[in-house]
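The values are calculated or read from the model by the stated rules, or taken from the named source; none is laboratory data. None of the values given here were measured: they were computed from a predicted structure. Here the Cβ positions follow ideal geometry from the backbone for every residue, glycine too, while neighbour counts run over all protein chains shown. Side chains are part of the model used for accessible areas, which takes the heavy atoms of the whole protein and leaves out ligands, DNA and RNA. Shrake-Rupley method; radii C 1.70, N 1.55, O 1.52, S 1.80 Å.
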Amino acid sequence: VSTQSTGTKNNEMDPREENVYTAKLAEQAERYQEMVEAMKKVAQLGTELTVDERNLLSVAYKNVIGSRRAAWRIISSIEAKEVERNENESKITKVKQYREKIESELTNICNDVLAVLDSHLVPAATTSESKVFYLKMKGDYLRYMAEFSTGDVRKEAGNKALSAYKAAIEAASNDMLPTNPIRLGLVLNFSVFYYEILNSQDEACTLAKQAFDDAISGLDKLTDDSYKETTLILQLIRENLSLWTSNKGNEDDGDKDDEDD
């Protein structure tokens, strides 16, 4: 046994490998901010990420922002109820301050990931798949910013998200099959953007239904692994279509995007 291990104990990982391994450790420990910091270092190397690295980066940011998006929804609901009940001013002020604290954290996370995307990941993308992945990600985080923003900030975030999603859709339509999970995930989130941020139910349903119909016709050509991932996203698209058509004219916060794991 000692002979087999000779010469391997002192092998050191290069910085990229070390940061990827750190990110994997942080994921297992559910320490997602540390996972983000490790993967940012990999992204800042200025070279194309592997599929594994790309997914690690996405998972890291998704978990960091996911808990805060959920917290914002809860506190915003409590604030609305306190105002409706005409609670005393001190309670309303406290809950407002707490909401604004969460919004500040959300803003910082969104700006952080958008800077990494614009400065490193999008410019370094060499394949259609990675380009679509990063443009979708850009649209998603601009959508998140629009969710909690108001006025000109919401409008600017919405316009930028729309541009990112449209660029991603154009690239995906040219180079990816309708059954590609990344393309379908893009359509899923873009349609949610139309419905929730732009209040364009018709656009949301048209986009989602077309993608659903196109993908269904190609399911018989997929391998088992691709079939499972594709049908999972198609199910989310179908659930949204059912929700949106049955609740026409009513507000609902139950829309599904591919961050709702």
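In the stretch 31-59, which residues are of a type in the set (D, E, K, R) and either open to solvent by less than 10 Å² (accessible area, probe 1.4 Å) or in a helix (DSSP H, G or I) (or both)? Please lay out each step first, then the result.
Kept after step one, since they are of a type in the set (D, E, K, R), are these residues of the stretch 31-59: 31, 34, 37, 40-41, 48, 52-54.
Selection gives 34, 37, 40, 41, 52, 53, 54.
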Practice task
Please list, ordered by first then second residue, the pairs with beta carbon atoms under 8 Å, 6 or more apart or interchain, first in the stretch 63-91 and in contact (Cβ under 8 Å) with a residue 12 or more places away in the chain and more than 30 Å from residue 36 (Cα to Cα), second open to solvent by less than 80 Å² (accessible area, probe 1.4 Å) and among the basic types (Lys, Arg).
Solution key: 79/99
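Determine whether residue 101 is modelled with pLDDT under 95, more than 21 Å from the chain's Cα centre (by Cα) and open to solvent by 30 Å² or more (accessible area, probe 1.4 Å).
Details: modelled with pLDDT under 95: no; more than 21 Å from the chain's Cα centre (by Cα): yes; open to solvent by 30 Å² or more (accessible area, probe 1.4 Å): yes.
So residue 101 fails the test.
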Problem - residue 184 vs. criteria under 14 Å from residue 240 (Cα atoms), open to solvent by 20 Å² or more (accessible area, probe 1.4 Å), in contact with a helix residue (DSSP H, G or I) (Cβ under 8 Å, 6 or more places away or on another chain) and among the hydrophobic types (A, V, I, L, M, F, W, C) - result: no
Practice task
Exactly one condition in (1) open to solvent by 30 Å² or more (accessible area, probe 1.4 Å); (2) free of Cβ contacts under 8 Å to residues at least 40 places away in the same chain; (3) within 25 Å of residue 185 (Cβ to Cβ) is not met by residue 94; state its number.
Solution key: (3)
